[in-house]
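The values are calculated or read from the model by the stated rules, or taken from the named source; none is laboratory data. Here the structure is a predicted model, which is why all the values come from computation and not from measurement. Here Cβ is always computed from backbone atoms with ideal geometry, including for glycine, and neighbour counts include all displayed protein chains. Just so you know, the surface numbers come from the protein's heavy atoms only, side chains and all, with ligands and any DNA or RNA stripped out. Shrake-Rupley method; radii C 1.70, N 1.55, O 1.52, S 1.80 Å.
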Amino acid sequence: MKRLPALLLAMVMVFSLAACQSQKPPASNTPGNDPNKPVSEQSADDILSTKEYLKTYKTSFSSSYASFNYFSTAYATVRSIVANCIDGLVEPDIYGVYIPSLAEKWEHNEDQTVWTFYIRKGVNWVDHTGADTGLSVTAQDFVDGIRYIGDPLNGAYSLRVVRNLIEGLYDYYWDLDDIDCGDKTDMTREQALARFNDMVGVKALDEYTVQYTLTSSAPYFLSLIESSMLLLPVEYDYAVAQGEDFAVDNEHMLYCGGYYISHFERDKAITLSKNPLYWDLEHITVDTVEYQMIPEGTTSLEMFKRGEVDSVSVEAEEYLTLQGTEWANGLIPTERSLSTNYLWLDFAGANPEFNTFVQNENFRKALQYSLDRVAIASLRDPVNPQRILRGTINAEDCIYDSNGMDYTDYPVLKAIKETDYNNPKLARQYMETAVSELCDEEGNIKGISATQVDYLPVGTFSVDAKLPVTVIYVGTDDENEIVMAQLMKSMVEEAIGKDLIDFQIVCFSGWTYGTVADPLNYDIYFDSLSTGYADPSGLLTRMTTDGAENVGCYTVPEYDELVDRAMEADTFEKRLAYFAEAEAYLCNGAYVIPFISSLRGYYMTNCMPFTSPLTLYGNSKFKGTLVMDRPLTLAEYNTLDAAYELARAEALKAD
Amino acid sequence: MRKYILSRILRSLITVAIVFVAVFMLLRLMPLSGYFPQEILKETDEATRMTYLRNQGLLDHPLLQLWRFLQRLFQGDLGRSLTVYPKVPISTLLKEKIPVTAAFGFASMVTGIVLGIALGLLMVRYKDKWGDRAGTVYILLVRAIPSLIYLFFIQVWVSKWFHLPLVFYKNRPSSWILPTICLSLGSIAYYALWLRRFMVDEENRDYVKFAQVKGLSKKEVLRRHVFKNAVIPLTVYIPTDLLFIISGSLIIETLYAIPGTGGLLTSAIKAQDNNLVQVIVLMYAVLSVVGVFLGDLLVAFVDPRIKLTEGE
Amino acid sequence: MEQEKRPNALLDPLKFRAAVYDQIRSEDAGFSNYSYWRSTLRTFFKSKAVVLLVGVVILLILMSVFYPIFSDVDPTRISRLPLEWNLRPSREHWFGTDTLGRDIWARAWYGVRNSFLLGFAIACSDVGFGTIAGALWGYNKKLDPFMIELYNIMTNIPSTVYLVLLAYIMNTSYLTLFISMASRGWIVEARFFRNRILSLRDSEYNIASKCLGTSMRRIAFRNIIPHIISLIIMEAALCIPYSIGAEVFMGFVGVGMPVDAITLGNIVNQGRASFTLHPYQMLLPSGILCLITVAFYVIGNKFADASDPRNHV
């Protein structure tokens, strides 16, 4: 019990350091001036040191944890458990700066293609009772992780990034697959498996040194370690012995993180217990984490009020009903979302009307300027919708150059951020220009004839090759998304005019992506993309003309060229500058239309904020989390936030 | 009699076989992309997906898949779930889920029968008076109000008034009360409605009038004669109901976070989890055939007037 | 013949007097002018509740037919001003507005109209096909094993399986919705009618009538068909609220109607999401839904009672 006060003291020091510097904050940033931003009368360190902290954290999950196999799970939710149970090589600290985890130190060569990690000694795997298995975590376990995913029979998912990045892995994987198919007969499966050590760019140099050789320069490799579960270690012999049972429940897996899964009841409850052998035990502040399944959103709010869970997200609508109640001062706006919502335009679809128009930049801009983004954002946050707007593809506040400048503040992107896209008049003008270019006097669209558009399974539509242009918007049958689509329809038709555009909504349940987006069964499609790691390349290289994420099949050589230039740039700043230009080119040409972020609403919590690692790309960890016996208030949050932001800026500069 | 039972079993087997094969083949008509959730589709390329499907045996000819499934089935292996609970053995899943749902199902069935019969009797006893009217109003309300509305009301407000937990916990018996009540609301109405109907029908029979003319009190007649005869048509459904306590209610299990079988079939179908769907369909088909058969036997047993075979 | 009967001594001769024998009227007494339909209707309307509920249904139908014709409120008009979303009931919007500022009062009536149309269509198809199949099934012994098998199979295949497939190959439209909802109901109805036809055919009064030499044709037209028709009316009445409820499930599986379609099921579904926050949005649509269910249910049952000749006395 000595550890907690020690930790608290450390935290208080961090915050008071920040507080010292906040003596003369820039005037515009003074939180007290903004009536919407109440601040606490206590200082940040007072808030921290005057609270009672609990040993158990109660939380909930809404969809089932089907399996814990971190290599082959489809579900991002599994990460939130795995992140706490299996440690990676590095982890972020509370400011998002990477600090040692299972690797004590690391180094890379000049062009950042060879990364060497020195593994912490004396870390052992434990089982689901917390007992020591005697197996230690070695460099070989990291090599074996790659070996496991490299075998197609193990069915690892989300392979693309890692398979392409680690040298030799791509060929190794497809060789094995060819053997399985019977296409390759010049070697046996055993022979192919034996080539792993020579072929694939991951090696155990000695028992505690692992080296990754990459196919291209990867300054973002540490953030990839945080985000991708494929780079986690595995006790290979154990996993192979378990076969298909590996990690289907808590009893068939081993743990090396801060917690182990001590109790698992499918679709009902999961309990994480503190790993008594953990190497960083002093930072484990919560002994037990109790998850319980709450499938209905409204119930979880009620459960929070009754003290049965420690945090809850509050949707826009619920936010309004909580105003004026005792809970009103505990509503904290959700901080950040790396995910951007945008509209895909289909450049190769079967609808001749839309297809003719979408090639025309004026038409795309007409669409871009017809959306009242604030009104759309109001669906998610009726009080402060502005914070949800996002015009760029990559999120703000997550990619910084070495001077600490935000990537989205590079001039070309800043201009986009500052543009007001709600301009119905301009939208109409753009549309009229497009019409004059593409239609004859009678309103017939040139070069096409009336036809039946086959977008099955979404549906079939008949188009008459005359104005108005038929646009088929395809979305999921999620109630919220339908409402948003209906709102967009009314905006587009009002701005551009029903005489020129006929916006049809089709909702499609189930297999949306595979049956709608991939085979181009749409004209406009709503989707989201998120920045995966601290580099714009994560998204932008996938959006090139032949990129995997170019679902709309546009062809923009200028963009491709900018991306290539960025990838070849010799400094990180230049790289970001080129990427910014590329991103701006795509947005300004309205090839895709990003419009809001995926932020939704508010939350209430009993946790002290900014005490656990800032995991931007992976899932949050409970390391360091402080659980209070009562909800955090917004005033306290704002005070802590102000102190934290200063401390973070300092920490990032020091990094 | 034996001949009758044998032919019934044979016919039931044919029904089950047709149902199973039909569902099995229908499932194989689904698009291949349906085996992957959206996150996966975006992260993988076509070739990797095909590799995965081939390794799972999903690209083989449907008849070959059927043959393989049957082979495994006779070895007692139900296979593993594909998408809903990736790689989890289906037998494990069912072993975990069925007891929970069955416990609630059984409790609510007992509640439903006991309270339903009580309500039905009350309605007959006070026919066209307050008892009958109150019962009718209850039956109408349960049928007419969209169930989500009153279920939600019960969960949030009734739990508050009686200080009951909002969701189900295995180790807190007080949390079992509300789900059981919610589950039995419908069956109470069902049993009460039909019992009343059958008893009123019986009451118009000549033997009842005769018994009353003989001087038996109304209560006596109801208890000794009418009730017994009116319950017979209800017993047909009891075996089916009893067997189907293992299929839970999607809405109630979701509301109370009960880890049962309620949404299993629907979510398996929507996620295209063929292996899981075919096992559940097979199970339900067998149960329903067995249930109908047992129902017929039970009726023949309680009502000596009914004979299953003609001319015996 | 002219001789007067002697009045009973106990009766006051001022108040009573003997009737004169009238041959025509005495003949008349032997003949009842019983009409099945008139008696059924008379018994049916004897209950005040029934009169009230029939009135309610007629009112709902009239309202749903005439409101869309005469009202100038566009039920699909979306407001772009977040201030006009989720309004509470006011003079302008009697039952408030929904998530996108659409008038709930107007939407409800459009919804009732569409749901009624759908419900009537389903009722016609289920009961129509059901009666025909049931009659064939009941009268043809050879068909029996086949139909029972078909019934078992159809009721055992989970509808979700083929509905999901259907959603995959067809457009979202009212037609798809109709096909998916009507795909199974008929066999259930067929079984019901088969059982009723068999039990009517073999009932004692018909056997007695047959023994007295009445032709089968006459029995069918006088005894069986009138009764079946009243059963048809009852089943159809019960079918309508059921199909309105089933529509919600179809949306869940994905064989829904077009997004912009307004039906009661759709409205209730949308309101459900924000039920705790804006309960008044659910008030009108679910109130109407309740009313329809109760009304048709009671009407159906009372009609079944009234159609039983034993209740005509």
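Points to keep in mind about this one:
- Any hit, region B:42-50, residues being more than 9 Å from chain A (Cβ to nearest Cβ) and not in a helix (DSSP H, G or I): no
- Filter result for A:Gly122 (more than 20 Å from A:Val202 (Cβ to Cβ), surrounded by fewer than 17 Cβ atoms within 10 Å (Cβ to Cβ) and among the small types (Gly, Ala, Ser)): yes
- A:Leu224 being away from every other protein chain (no Cβ under 12 Å) and under 19 Å from A:Phe71 (Cβ atoms): yes
- Filtered by the rule that a residue be within 18 Å of A:Val627 (Cα to Cα) and open to solvent by 20 Å² or more (accessible area, probe 1.4 Å), region A:575-606 gives a lone residue, A:Tyr603.
- No other residue among B:Leu216, B:Leu193 is assigned to a helix (DSSP H, G or I) and either under 30 Å from B:Met283 (Cβ atoms) or out of contact with any Asp or Glu (no Cβ under 9 Å at 6 or more places or on another chain) (or both) apart from B:Leu193.
- Selection within region A:175-195 - among the hydrophobic types (A, V, I, L, M, F, W, C) and surrounded by fewer than 18 Cβ atoms within 10 Å (Cβ to Cβ): A:Cys181, A:Met187, A:Leu193, A:Ala194
- Candidates in region C:49-70 are the residues that are among the small types (Gly, Ala, Ser) and touching a residue at least 40 places away in the same chain (Cβ under 8 Å); of these, the one that is surrounded by the most Cβ atoms within 10 Å (Cβ to Cβ) is C:Ser64.
- Across region B:17-29, not a single residue is classified as out of contact with any strand residue (DSSP E or B) (no Cβ under 9 Å at 6 or more places or on another chain), within 11 Å of chain A (Cβ to nearest Cβ) and more than 17 Å from B:Leu282 (Cα to Cα).
- For region A:420-459, a tally of residues being loosely packed, with under 13 Cβ neighbours inside 10 Å and within 14 Å of another protein chain (Cβ to nearest Cβ) returns 2.
- Residues being more than 14 Å from every other protein chain (Cβ to nearest Cβ) and under 18 Å from A:Asn606 (Cα atoms) - total across region A:276-326: 10
- Hey, B:Gly291 open to solvent by less than 60 Å² (accessible area, probe 1.4 Å), out of contact with any Gly (no Cβ under 6 Å at 6 or more places or on another chain) and free of Cβ contacts under 8 Å to residues at least 60 places away in the same chain or not: yes
- Residue match in region A:391-407 (condition: touching a helix residue (DSSP H, G or I) at 6+ places or on another chain (Cβ under 8 Å) and farther than 28 Å from A:Tyr533 by Cβ): no
- Search result, residues across region C:21-48 that are open to solvent by 100 Å² or more (accessible area, probe 1.4 Å), at pLDDT 75 or above and not basic (Lys, Arg): C:Tyr21
- Test: residue in region B:264-272 that is β-branched (Val, Ile, Thr), open to solvent by 20 Å² or more (accessible area, probe 1.4 Å) and at the interface with another protein chain (Cβ under 9 Å from one of its Cβ atoms): yes
- Subset of region B:54-94 (residues that are crowded, with 18+ Cβ neighbours inside 10 Å, part of a helix (DSSP H, G or I) and either within 14 Å of chain A (Cβ to nearest Cβ) or in contact with a strand residue (DSSP E or B) (Cβ under 8 Å, 6 or more places away or on another chain) (or both)): B:Ile90, B:Leu93, B:Leu94
- Every test in (1) away from every other protein chain (no Cβ under 14 Å); (2) touching a residue at least 60 places away in the same chain (Cβ under 8 Å); (3) more than 21 Å from A:Val358 (Cβ to Cβ) is passed by A:Cys553 save one, and that test is (3).
- Condition met for A:Arg336 (among the basic types (Lys, Arg) and more than 14 Å from every other protein chain (Cβ to nearest Cβ)): yes
- In region A:196-230, the residues that are open to solvent by 40 Å² or more (accessible area, probe 1.4 Å), part of a loop (DSSP other than H, G, I, E, B) and not small (Gly, Ala, Ser): A:Glu207, A:Tyr208, A:Thr215, A:Pro219
- Which listed residue is closer than 29 Å to B:Thr15 by Cβ and open to solvent by 40 Å² or more (accessible area, probe 1.4 Å), from C:Arg184, C:Arg91: C:Arg184
- Residue that is farthest from the other protein chains (Cβ to nearest Cβ), among those in region B:112-149 that are open to solvent by 40 Å² or more (accessible area, probe 1.4 Å) and either of a type in the set (S, T, N, Q) or in contact with an Asp or Glu (Cβ under 6 Å, 6 or more places away or on another chain) (or both): B:Tyr126
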